[in-house]
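Below is one structure; the comments refer to it alone.
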Amino acid sequence: MTYARTEPTDQEPDIRARPPLVREFLLVAGLFLAYKFGRRAANGHVEEAFRNAGNVWDLERALHLPGEGTVQGLLLHSQPLIHAANTYYAAVHFPATALFLAWLYWRRPRHYVRSRRVLAALTAAALVLHLLFPLAPPRMLPVAGLVDTGQVYGPTVYGQTPATDTMANQFAAMPSLHVGWAVMVAVGLIVATRSRWRLLWLLHPALTLLVVVGTANHYWLDAIVVGAMLAVALAVFRLPSSARTAPARLPRPAPWSSGEESPVPAYAGGAGPGPFASAVPTGSPGPATVPGTFAAAGPPSSFGTAGPATGADAGSRAPARAGAVR
């Protein structure tokens, strides 16, 4: 008889599912470098990036999405708050994702493999979209009337001149990988853990969304698009069934060795000890049993056949009946 737990267990990780560490480090580092150099290759499309920005802004207003300035206005009420938002944008994105992958690799290897594949697919698809659809962020769009909080209040990870920034491509707003990676971190930890507080991991993508919009680094549509892309990646790379459930079997009785007595009760013809051992006298004949097997159906021979009991037979059966009743 089996039953299945639908939540991950806290048992020791299956080291057989853990990929080689050096290979994984080189693979993740290689993907990261490919993405960084790929983003830089998309630099230089300034006019197209601003034209696409105007179209995205108009589309958001046509869809009646809330203005990005609403969120930024809340942050600008407090300089420490806007400074904290800039710090969150600059310092949390990569370390949080790296720690997430490292923890999964060590504690949930099967979940790690799936999460790494999803993140790699999402990042590759985002890079393609960066190349095909360069987009200036709302902080550069004059019609938006937003403040470049990174340059004004700091800290910032971008240069003052976007067109000549050699460290990052500032015209790669669509989609927002800040939001995409944060959602993946939350989803991965919710699936891989069983704490009653695990839904609190959703605070990470929620804060990230408010930060990227409030600092005017991304549009609402940037987050919506990356959410759709992540949903597709999660549907393609499904979690193995062995990682989704942890079947647990009830303990089976240990096999009896040849030297042990049979567990068949005495009233069924067995010779093992127990509360019914006195039901069959020592000298009474009974069916032959093999240790570890049950006797054939039917009453024990000690009860005899139908008919009146006479002589010594009646005397020998009386204690047996009394023992059986007890």
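The values are calculated or read from the model by the stated rules, or taken from the named source; none is laboratory data. On a predicted model such as this, the values are computed, not experimentally measured, just so you know. Cβ atoms come from the backbone with ideal geometry, glycine included; neighbour counts cover every protein chain shown. Surface areas here come from the heavy atoms of the whole protein model, side chains and all, with no ligands, DNA or RNA. Shrake-Rupley method; radii C 1.70, N 1.55, O 1.52, S 1.80 Å.
Screening D148 with (1) open to solvent by less than 10 Å² (accessible area, probe 1.4 Å); (2) farther than 17 Å from F37 by Cα gives one miss only, at (1).
Residue-by-condition table, conditions (1) of a type in the set (K, R); (2) part of a helix (DSSP H, G or I); (3) over 21 Å from S78 (Cα atoms):
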| residue | (1), (2), (3) |
| --- | --- |
| A125 | no, yes, yes |
| H130 | no, yes, yes |
| R139 | yes, yes, no |
| V143 | no, yes, yes |
| L146 | no, no, no |
| G150 | no, yes, no |
| T156 | no, no, no |
| Q160 | no, no, yes |
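When A173 is tested against (1) under 21 Å from W57 (Cβ atoms); (2) loosely packed, with under 15 Cβ neighbours inside 10 Å; (3) at pLDDT 90 or above, exactly one condition is not met: (2). Within the stretch 171-190, residues that are under 16 Å from V225 (Cβ atoms) have Cβ atoms under 7 Å from residues that are aromatic (F, W, Y) and buried (at least 24 other Cβ atoms within 10 Å of the Cβ) in these pairs: A173/Y219, counting only partners at least 6 apart in sequence or on another chain.
For residues in the stretch 8-51 being in contact with a strand residue (DSSP E or B) (Cβ under 8 Å, 6 or more places away or on another chain) and over 19 Å from L131 (Cβ atoms), which is modelled with the highest pLDDT? Show your work before the answer.
Step one: filter the stretch 8-51 for residues in contact with a strand residue (DSSP E or B) (Cβ under 8 Å, 6 or more places away or on another chain), giving 8-9, 11, 39, 42, 49.
Now restrict to residues that are over 19 Å from L131 (Cβ atoms): 8-9, 11.
Working: P8: 49, T9: 47, Q11: 52.
Ranking the qualifying residues of the stretch 8-51, first place goes to Q11.
Being assigned to a helix (DSSP H, G or I) and within 17 Å of A144 (Cβ to Cβ) is a property that holds for G69. Q170 meets each of the listed conditions (1) under 21 Å from F32 (Cα atoms); (2) in a helix (DSSP H, G or I); (3) of a type in the set (S, T, N, Q) apart from (2).
A search for C-beta distances below 7 Å between a residue of the stretch 131-142 that is touching a residue at least 24 places away in the same chain (Cβ under 8 Å) and any residue that is among the β-branched types (V, I, T) and part of a helix (DSSP H, G or I), counting only pairs 6+ apart in sequence or on different chains, returns L135/V56. When P134 is tested against (1) closer than 17 Å to A228 by Cα; (2) buried (at least 23 other Cβ atoms within 10 Å of the Cβ), exactly one condition is not met: (1). Of the helices (runs of 4 or more DSSP H) that lie entirely inside the stretch 195-269, those containing 3 or more residues that are surrounded by fewer than 18 Cβ atoms within 10 Å (Cβ to Cβ) and modelled with pLDDT of 75 or more span 203-214, 220-236.
H77 meets all of the listed conditions (1) outside any helix (DSSP H, G or I); (2) in contact (Cβ under 8 Å) with a residue 24 or more places away in the chain but one, namely (2).
For the stretch 37-66, enumerate the residues that are assigned to a helix (DSSP H, G or I) and without any contact (Cβ under 8 Å) to a residue 24 or more places away in the chain. Break it down stepwise before answering.
Looking only at the stretch 37-66, we keep the residues that are assigned to a helix (DSSP H, G or I), and these are 37-41, 46-62.
Result: F37, E47, R51, N55, D58, R61, A62.
Matching residues to (1) open to solvent by 50 Å² or more (accessible area, probe 1.4 Å); (2) in contact with a Leu (Cβ under 7 Å, 6 or more places away or on another chain); (3) of a type outside the set (F, W, Y):
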{"residue": "W57", "(1), (2), (3)": "no, yes, no"}
{"residue": "P66", "(1), (2), (3)": "yes, no, yes"}
{"residue": "H77", "(1), (2), (3)": "yes, no, yes"}
{"residue": "F94", "(1), (2), (3)": "yes, no, no"}
{"residue": "W106", "(1), (2), (3)": "yes, no, no"}
{"residue": "H111", "(1), (2), (3)": "no, yes, yes"}
